[in-house]
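Reviewing the structure listed below.
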Amino acid sequence: MPLPSIDEIRIGIVGLGYVGLPLAVNMARFYPVAGFDVDTRRVDELVGGIDRTAEIGEEEFAASKDIAFTSDEKKLGACNFLIITVPTPIDKSNRPDLSALIAASRTVGSALKPGAVVVYESTVYPGATEEICVPELESASGLTCNTDFFVGYSPERINPGDASHRLPDIVKITAGSTPDAAALIDRVYAKVITKGTRRASSIRVAEAAKVIENIQRDVNIALVNELAMLFKELDLDTQEILEAAGTKWNFHPYRPGLVGGHCIGVDPYYLTHKAESVGFHPEMILAGRRINDAMASYVAQDIIKTMLKRKQRVDGAHILVMGFTFKENCPDIRNTKVADLVRELGDFVGRVTVFDPIANIEEIRAEYALDITNELPPDQFDAVILAVGHDLIAGFGMERLRALLKDGGLLYDIKGILPPGQSDGRI
């Protein structure tokens, strides 16, 4: 079955979250696009030009005219280049949860026509596209891969909340199940990605390249987190040490902190799952995960120890945690480790109040069974914890932050928002 020509491409995108929506909007500048999502509320909002993830603004919606948002999977039948961008999280046992990916594959498979191309952007372990997804496509469609349809992989590299690195500005890795499919996939993306593309020799190479991007960051942050714990025992300031070391040109500027989100805290478990399936035990990757997964507990205990050293009463204390999302200036709450910090603190103190000016209160209640506020409470607190560096929080400044404290209260800076000496504690 011949592939469609570049002029015949009709894009269908399955999953309209942080990855799928920017892709749909940018693709619609060059191709007709159908954006599909099972969340009917999300689709209704997008039809009205509203993006709750704050990744796409009014001007970008207006510039992408050839796009139709839908929750009707039958509309995918008119598409011959389908891109799947659904979440690939982990379960409670830190094992890959491919349920959304499998469901999306079945949805696409039921709409698949001969000659179509299916590209996956969701993060997976090497081999998952061809071992897990292709059989689902074949079963749902009754077609045969590389005879009746073709597949590819082009890993997402979206950085939520980052206005400097948008989809067109990040090099895109592409790969296909045959040389001709790989060439077509690369051409389709090359029209959209101004920074350029990098064609991998196989889908498995592209899958592996994606997953190690975040593993590298995870391991490096784990190293700095361990150093921060050591330096605290030595009564040394980690931030000052890192800034001094950073004067060398090849020193990597990682900072200690809570490692959450949909990528760094998740992707290592995908590769370790695959590694263990072939009898390989990845020691460094798992060691980094253990350190970073335990960091919220360590920070909570350090806050309590610091309060006790300052002769503050802990059991009846009221603590304000400022920021809840997994990163600054982004409403994304997926896998935020601030939730772990809040629960850990709650085991020691009388009350924990969480303030985040941009997080969705309803989503947090549904996902974490926690109540937060978007408005700064009028109370004064025994401790104020700077957990996320939103501009709206960083802009408070020391004097306004100090005004939130009772006499003798603790100002603890997890994110290094304040200059050295302006907080009472930090990691």
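The values are calculated or read from the model by the stated rules, or taken from the named source; none is laboratory data. All values derive from a computational prediction rather than experimental measurement. Because the Cβ atoms are built from the backbone with ideal geometry, glycine has one as well, and the counts that use them run over all protein chains shown.
Does Pro168 satisfy being under 24 Å from the mean Cα position of the chain (by Cα), crowded, with 22+ Cβ neighbours inside 10 Å, assigned by TED's automatic domain parsing to the domain that holds Gly17 and over 22 Å from Ala78 (Cα atoms)?
Details: under 24 Å from the mean Cα position of the chain (by Cα): yes; crowded, with 22+ Cβ neighbours inside 10 Å: no; assigned by TED's automatic domain parsing to the domain that holds Gly17: yes; over 22 Å from Ala78 (Cα atoms): yes.
Judged against the criteria, Pro168 is not a match.
Could you grab me the full set of residues in the range 322-363 that are over 22 Å from the mean Cα position of the chain (by Cα), in a loop (DSSP other than H, G, I, E, B) and buried (at least 18 other Cβ atoms within 10 Å of the Cβ)?
Passing the criteria: only Val349.
In the range 9-27, is there at least one residue being at pLDDT below 95 and surrounded by fewer than 19 Cβ atoms within 10 Å (Cβ to Cβ)?
Scanning the range 9-27 turns up no residue that is at pLDDT below 95 and surrounded by fewer than 19 Cβ atoms within 10 Å (Cβ to Cβ).
What residue, among those in the range 92-132 that are in contact with a Leu (Cβ under 9 Å, 6 or more places away or on another chain) and charged (D, E, K, R), is nearest to Asp7 (Cα to Cα)?
Applying the filter and picking the extreme gives Lys113.
Going through Ile304, Ile319 one at a time, which residue ends up being at pLDDT 95 or above and either surrounded by fewer than 21 Cβ atoms within 10 Å (Cβ to Cβ) or assigned to a helix (DSSP H, G or I) (or both)? Step through it out loud before you land on a result.
Working: Ile319 fails: either surrounded by fewer than 21 Cβ atoms within 10 Å (Cβ to Cβ) or assigned to a helix (DSSP H, G or I) (or both).
Testing whether each residue is at pLDDT 95 or above and either surrounded by fewer than 21 Cβ atoms within 10 Å (Cβ to Cβ) or assigned to a helix (DSSP H, G or I) (or both) leaves just Ile304.
Spot the failing condition for Arg313; the list is (1) at pLDDT 95 or above; (2) touching a strand residue (DSSP E or B) at 6+ places or on another chain (Cβ under 8 Å), and only one is missed.
Condition (1) is where Arg313 drops out.
Identify, from the list Ala208, Ala183, the residue that is under 18 Å from Val118 (Cβ atoms) and either among the polar types (S, T, N, Q) or in a helix (DSSP H, G or I) (or both).
Values: Ala208 fails: under 18 Å from Val118 (Cβ atoms).
Going through Ala208, Ala183 in turn, just one is under 18 Å from Val118 (Cβ atoms) and either among the polar types (S, T, N, Q) or in a helix (DSSP H, G or I) (or both): Ala183.
Determine if the range 100-117 includes at least one residue that is more than 23 Å from Arg10 (Cα to Cα) and surrounded by fewer than 23 Cβ atoms within 10 Å (Cβ to Cβ). First the steps, then the outcome.
First pass over the range 100-117, keeping only residues more than 23 Å from Arg10 (Cα to Cα): 100.
Now restrict to residues that are surrounded by fewer than 23 Cβ atoms within 10 Å (Cβ to Cβ): 100.
Checked against the condition, which is being more than 23 Å from Arg10 (Cα to Cα) and surrounded by fewer than 23 Cβ atoms within 10 Å (Cβ to Cβ), the range 100-117 yields at least one hit.
List every residue pair whose Cβ atoms sit under 7 Å apart, with the two residues 6 or more apart in sequence or on different chains, where the first one lies in the range 357-373 and is outside the structural domain of Ala54 (by TED's automatic domain parsing) and the second, anywhere, is of a type outside the set (Ser, Thr, Tyr) and part of a helix (DSSP H, G or I).
Going by the 7 Å Cβ cut-off, the qualifying pairs are Pro357/Leu392; Tyr368/Ala339; Leu370/Ala339; Leu370/Val342; Leu370/Ile364; Asp371/Arg365; Ile372/Ile361; Ile372/Ile364.
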